[in-house]
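Inspection log for the structure reproduced underneath, given as structure tokens.
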Amino acid sequence: MSVIVILGGGPAGRIASLRLASAGKEVRLIEQGGVSAGIGGQCLHFGCMPVCALNDVARFLDMAGRFEGLGLTGPAPQADFPRVLKEMQAIQAKIAAILDHETRSAGVEIIYGKAGRLDGKTVWLDDEMIVPDAVIVATGSRSNIPAVAGITLPGVFTPRTLGQMPELPEHIVILGGAVMAAEYAYIFSRFGSRVTVLSRSIFLKTVDPTLRAEAVRELSGVTILEHADLRTITGDGRVRGITVKTGDAAQDIACDAVFVAAGLIPRSDMISGIRKGSSGEIIVNEYMETSVPGVYAGGDVTGPPYLTPVARHQGIVAADNILGKRHTFDITAIPQAIYLENELGFILNGSGTAKPLSIPGPAGPDTFWSVPTSRTGLAKILVETNGSISGIVSASPGGGLIAAYMAFLMKHHFSVHDFEEFIEVHPTTDGVYGLAKYASELMKKNGS
């Protein structure tokens with residue numbers, strides 16, 4: 001059968017299917033979920049889009065509270081949390097329908113409701129065996145659920161079950177210490193819940209220390225317990241509390257909900273005959289090739305960093321190599337962001353010898369009324385001795401976008417000296433470009 005089979009309709013699989021179909025290939029995309037529950041993958045249904053939707057409302061409530069505190073407006077509004085979830089799901093379904101139409105219109109055959117199995121290069125759909133020309137495994141990831149007593153109690157939620165939350169919790173405990181935990185801590189706290197975060201190690205430990213401090217500042221009102229070992233979740237038919245150990249002391253914390261944001265695990269249990277890593281991630285090379293010739297993989301199933309743009313690019317690389325175009329995946333200078341009060345964008349490729357420069361974020365759109373509380377964000381760059389930029393931090397309303405463009409410039413070896421003729425839009429809330437110009441002036445003044 002002259003067909004290319006793609007397992008999974010998330011960012012990696014869907015983009016790969018479009019690329020292959022546009023080249024005239026017959027493509028069969030297998031998606032376990034339905035139209036409104038599968039295509040679009042983790043990002044649309046359980047990751048990026050829910051965070052965007054909820055963060056929009058959380059920021060609105062945050063800003064309304066600030067205006068009220070300054071005496072500019074009347075009492076700040078309150079959100080109808082169940083209605084927010086309902087409307088969010090309706091929009092997600094609409095996006096999924098658009099993606100379905102776009103994919104089918106490109107000539108891709110989509111088969112919903114079947115997970116598909118892969119053994120070597122043989123694909124199984126129930127009892128149907130397919131030996132395709134090539135396969136792309138893009139089966140995504142699942143929530144990392146800790147094995148603790150009480151984890152199955154009603155009132156324990158994950159990003160996949162968030163839509164089933166009946167009402168806003170009075171006190172929610174969030175398990176996790178990385179980006180997902182931080183974003184949901186901000187969301188729930190601004191919606192009005194009391195929030196406690198349990199981090200097994202240092203909160204946001206892989207993030208630049210300056211940005212981590214900014215994140216903690218933007219999570220004002222959230223209790224963050226570091227080096228916290230969750231022992232049990234307690235309740236009598238529903239969540240009533242937790243027992244956690246921090247240091248040598250154990251304490252009981254009353255709560256009415258637990259949200260698991262402890263990261264993701266590659267979803268590869270239906271894949272056999274292919275080399276995997278210790279967490280189940282499918283091992284690939286820079287061409288997204290697996291250990292089996294003709295079988296490729298991309299997206300979350302290949303392991304961290306679990307980022308949608310990375311998954312999309314990996315899907316493109318896999319498709320191009322199936323088409324005979326030698327295309328490699330470069331993991332350097334990957335932009336990331338944490339969405340709190342500001343977008344905390346960052347790229348960190350520092351050598352350890354880079355010199356840091358940082359300034360508070362300037363006043364501008366979405367930050368002008370933050371000046372009284374000094375919550376305008378910040379900008380930071382890491383500059384090597386030759387002027388190259390090896391890292392940036394931008395905590396601002398557009399920090400994520402700034403990080404994306406700076407990552408591109410860093411990949412193309414732009415230095416601080418290349419910013420001498422750069423003119424930014426005004427007014428701006430970003431200080432990265434100005435810092436680059438300042439660093440260039442300093443280096444020239446010092447003869448470096």
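Summary table
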| item | result |
| --- | --- |
| Centroid-to-centroid separation of region 171-192 and region 3-39 [C-alpha atoms, Å] | 33 |
| Helical segments meeting 24 Å axial Cα length and Kyte-Doolittle -0.5 threshold in the chain (DSSP H) | 48-69, 81-105 |
| Heavy-atom accessible surface of region 77-234: percent carbon and sulfur, 1.4 Å | 52 |
| Other-chain or far-sequence residues with amide H under 5 Å of G398's (modelled H) | E343 |
| Phi-based couplings in Hz for region 201-206 (Karplus 6.51, -1.76, 1.60; Gly and Pro marked x) | 10, 6, 4, 6, 5, 8 |
| Long pairs among K25/K121; K276/K411; K325/K411; K86/K205; K245/K380; K94/K205, criterion Cα-Cα beyond 27 Å | K276/K411; K86/K205; K245/K380; K94/K205 |
| Candidate residues T103, T122, T332: accessible-area rank, largest first, probe 1.4 Å | T332, T122, T103 |
| Cα gyration tensor category, rounded, prolate or oblate, for region 232-289 with a/c compared to 1.5 | prolate |
| For mean projected area of the Cα convex hull in nm², calculated from these coordinates, the label among (i) 30.5; (ii) 37.0; (iii) 24.5 | (iii) |
| HN-Hα J in Hz across region 71-77 - Karplus 6.51, -1.76, 1.60, θ = phi - 60°, x for Gly and Pro | x, 7, 9, x, x, 5, x |
| Simple label model, 7 Å out from Cα along Cβ direction - R194 to V425, nm | 4.3 |
| Other-chain or far-sequence residues with amide H under 5 Å of K276's (modelled H) | I283 |
| Region 234-375, accessible area per residue, ligands and nucleic acids excluded (1.4 Å, Å²) | 47 |
| Around I392: net Lys/Arg minus Asp/Glu count, Cβ-Cβ under 12 Å | -1 |
| Amide H contacts of G235 (H built 1.01 Å from N, under 5 Å, at least 5 apart or other chain) | R240 |
| Lone cysteines, the chain (no partner Cβ under 4.7 Å) | C52, C255 |
| Environment charge at K245 (Cβ cut-off 10 Å; Lys +1, Arg +1, Asp -1, Glu -1) | -1 |
| Region 272-285 - phi-based ³J(HN,Hα) in whole Hz, Karplus 6.51/-1.76/1.60, Gly and Pro as x | 9, x, 10, 5, 10, x, 5, 9, x, 5, 7, 7, 10, 9 |
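The values are calculated or read from the model by the stated rules, or taken from the named source; none is laboratory data. In this text the structure is predicted, and so the values were computed from the model without any measurement. Note that each Cβ is placed from the backbone with ideal geometry, even for glycine, and that neighbours are counted across all protein chains shown. Heads up: the accessible areas ignore ligands, DNA and RNA and are worked out on the full protein's heavy atoms, side chains in. Shrake-Rupley method; radii C 1.70, N 1.55, O 1.52, S 1.80 Å.
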